[in-house]
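The structure appears right after this line, and notes come after that.
The values are calculated or read from the model by the stated rules, or taken from the named source; none is laboratory data. No experiment lies behind these values; they were computed from the predicted model shown. In this analysis, Cβ positions are derived from the backbone assuming ideal geometry, glycine residues included, and neighbour counts consider all displayed protein chains.
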Amino acid sequence: MQFNQNNAGRVLSALLILLTAAILVSGCIESSESGSGSLAGTYSDSGYIQIWTVPSGASVYVDGEYLGETDDVEDLSVRVSPGSHKLEIYKQGYESYLEYLYIGSGETVTRDVFLESTYYDPDPGPVWTPAPTWEPDPTYPGPVYEAATRPIY
């Protein structure tokens, strides 16, 4: 048998088919080993809270534990166990924020929080008051005039 390009192509095709079949069959073979082990993957037994605030720089507490400050670039992401949690957000000069959340296993809860300013200016400066305008009062009938008539003689 002579070796030429036709034969080389056939041999290469046959090898690729055998290699593909071997890979597919290897995934179908069951292991007879039993025991305990760990499972790796994307399943998470935790949940996440993602927090963004206006203004940034607010302190974040979950269940009374300080977890960091928010910034204006990205959300603050906090990993928590599944269940109920108390979310508190504080910033000096702003109303505090309080919310009770339930986070399921593998769930991500996002909160965009707009804090309200508590700033009070005791001297707001001059207050502009518009000039009074005259408008008729529809309940006042005004003077009543009787038409004068000439006496007849």
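Observations on the structure shown:
Okay, residues lined up against (1) among the small types (Gly, Ala, Ser); (2) touching a Leu at 6+ places or on another chain (Cβ under 7 Å); (3) surrounded by 13 or more Cβ atoms within 10 Å (Cβ to Cβ); (4) modelled with pLDDT under 95:
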{"site": "40", "(1), (2), (3), (4)": "yes, no, no, yes"}
{"site": "45", "(1), (2), (3), (4)": "no, no, no, yes"}
{"site": "71", "(1), (2), (3), (4)": "no, no, yes, yes"}
{"site": "92", "(1), (2), (3), (4)": "no, no, no, yes"}
{"site": "118", "(1), (2), (3), (4)": "no, no, no, yes"}
{"site": "127", "(1), (2), (3), (4)": "no, no, no, yes"}
{"site": "130", "(1), (2), (3), (4)": "no, no, no, yes"}
{"site": "135", "(1), (2), (3), (4)": "no, no, no, yes"}
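- Checking each residue in the stretch 46-91 for being among the aliphatic types (A, V, I, L, M) and not in a strand (DSSP E or B) picks out 58, 73.
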